[in-house]
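Here it is, the structure in full.
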Amino acid sequence: MGRAYVPRANLGGNFCGHDPRNPRFTLTRPAKTGKGGIPPILTELAARLEHYYAHPRQLIPSLDLANGSARRQRSERREACVLTAKALRPVDKEDQGYAEDDRYSWLD
């Protein structure tokens, strides 16, 4: 037999929860900024990355064309690229809980 069909309403965006008109750029655990946080250049980079969502060919054309197609990346993928790039940052040893562990001394 199979499951009964359950109609779903899609009022914009996708069933995964992505809304192309309102992308989510906030990390669950954002990097610390200011004194003791990430360098100002990385703070500026994170802010500029959000513009990639609307203008991928202007800002990082190689990323937009990485799928081998002349078409623009889907908005879900652009949102994921922005979030992934914002998450890449220097490791904060104290935040990760291994500040006193000698196995991680190479991070200094």
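The values are calculated or read from the model by the stated rules, or taken from the named source; none is laboratory data. All values derive from a computational prediction rather than experimental measurement. Don't worry about glycine lacking a Cβ; one is built from the backbone with ideal geometry, like all the others, and counts go over all protein chains shown.
Restricting to region 29-62, what's the tally of residues that are out of contact with any helix residue (DSSP H, G or I) (no Cβ under 9 Å at 6 or more places or on another chain) and not in a helix (DSSP H, G or I)? Lay out the reasoning, then the answer.
Here is the first cut: in region 29-62, the ones out of contact with any helix residue (DSSP H, G or I) (no Cβ under 9 Å at 6 or more places or on another chain) are 35-36, 39-44, 47, 55, 61-62.
Restricting the remaining residues to those that are not in a helix (DSSP H, G or I) gives 35-36, 39, 55.
Selection size over region 29-62: 4.
Take the residues in region 55-108 that are under 13 Å from the mean Cα position of the chain (by Cα) and over 21 Å from N22 (Cβ atoms), then tell me which one is modelled with the lowest pLDDT.
Here the residue is R89.
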